[in-house]
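The structure appears right after this line, and notes come after that.
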Amino acid sequence: VQLQASGGGLVQAGGSLRLSCAAFGLTFSRHHMGWFRQAPGKEREFVASIWSGGSAYYADSVKGRFTISRDNAKNTVYPQMNSLKPEDTAVYYCAADRRQDGVWDYWGQGTLVTVSS
């Protein structure tokens, strides 16, 4: 199983980015997919998730600004990130939940998002 995250970069505050996470070696449509982030000096935190049935969940800090979606035909999950703030600066990781039990079994390598003020 491999999760490949991409799309990170440098953006000004108020701008937008769309990350992608392509999954290989798993039955994508049967997995819950999630995004997490880790800022410098901080612990990794939950950002958003989308279940196999399409239900989406967000951390309060990103609710209303981020939208997570999935394309099962492309085995890819996307967070659209709008109205970015400097505090969104972090390495973003995608993850997959194989048993749909809230345990994240597989992790991608991370992609860096830097938001300048």
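Nothing in this text is a laboratory measurement; each read-out follows from the coordinates by a stated rule. What you see is a predicted model, and the numbers here were worked out from it, not measured in a lab. In this analysis, Cβ positions are derived from the backbone assuming ideal geometry, glycine residues included, and neighbour counts consider all displayed protein chains.
List the relative contact order of the range 1-59 as a percent without decimals, with contacts defined as Cα pairs under 8 Å and 6+ residues apart.
Averaging sequence separation for qualifying contacts and normalising by length gives 24 percent for the range 1-59.
Please report the relative contact order for the chain, taking Cα pairs under 8 Å with a sequence separation of at least 6, and give it as a percent rounded to a whole number.
On the way: 290 pairs, mean separation 42.1, N = 117.
Relative contact order, the chain: 36 percent.
Taking H as built 1.01 Å from N, whose amide H comes closer than 5 Å to the amide H of ARG98, not counting residues under 5 places away?
Long-range HN contacts for ARG98: ASP105, TYR106.
If I model a spin label at TRP51 and SER29 as a point 7 Å from the Cα along the Cα→Cβ vector, what separation in nanometres do I get?
Inter-label distance under the simple model: 1.8 nm.
Once you treat every alpha carbon in the range 74-117 as an equal point and sum by Debye, what is log10 I(q)/I(0) at q = 0.20, 0.30 Å⁻¹?
Log-scaled intensity ratios, in q order: -0.78, -1.10.
Could you run the Debye sum over the Cα atoms of the chain, one equal point scatterer each and no solvent, and tell me log10 of I(q)/I(0) at q = 0.10, 0.14, 0.15, 0.23 Å⁻¹, two decimals?
The calculated log intensity ratios at q = 0.10, 0.14, 0.15, 0.23 Å⁻¹ are -0.26, -0.50, -0.58, -1.34.
I'd like the Karplus ³J(HN,Hα) series for the range 102-108: coefficients 6.51, -1.76, 1.60, θ = phi - 60°, whole numbers in Hz, and an x wherever there's a Gly or Pro.
Those phi angles translate into x, 9, 8, 7, 10, 10, x Hz.
Where a Cα-Cα gap under 20 Å defines reach, which lysines qualify for LYS85, not counting those fewer than 8 residues away within the same chain?
Hits, sequence-local ones excluded: LYS42, LYS63.
What is the spin-label model distance, in nm, from ASP105 to SER69 if the labels are put 7 Å beyond Cα along the C-beta direction?
2.7 nm
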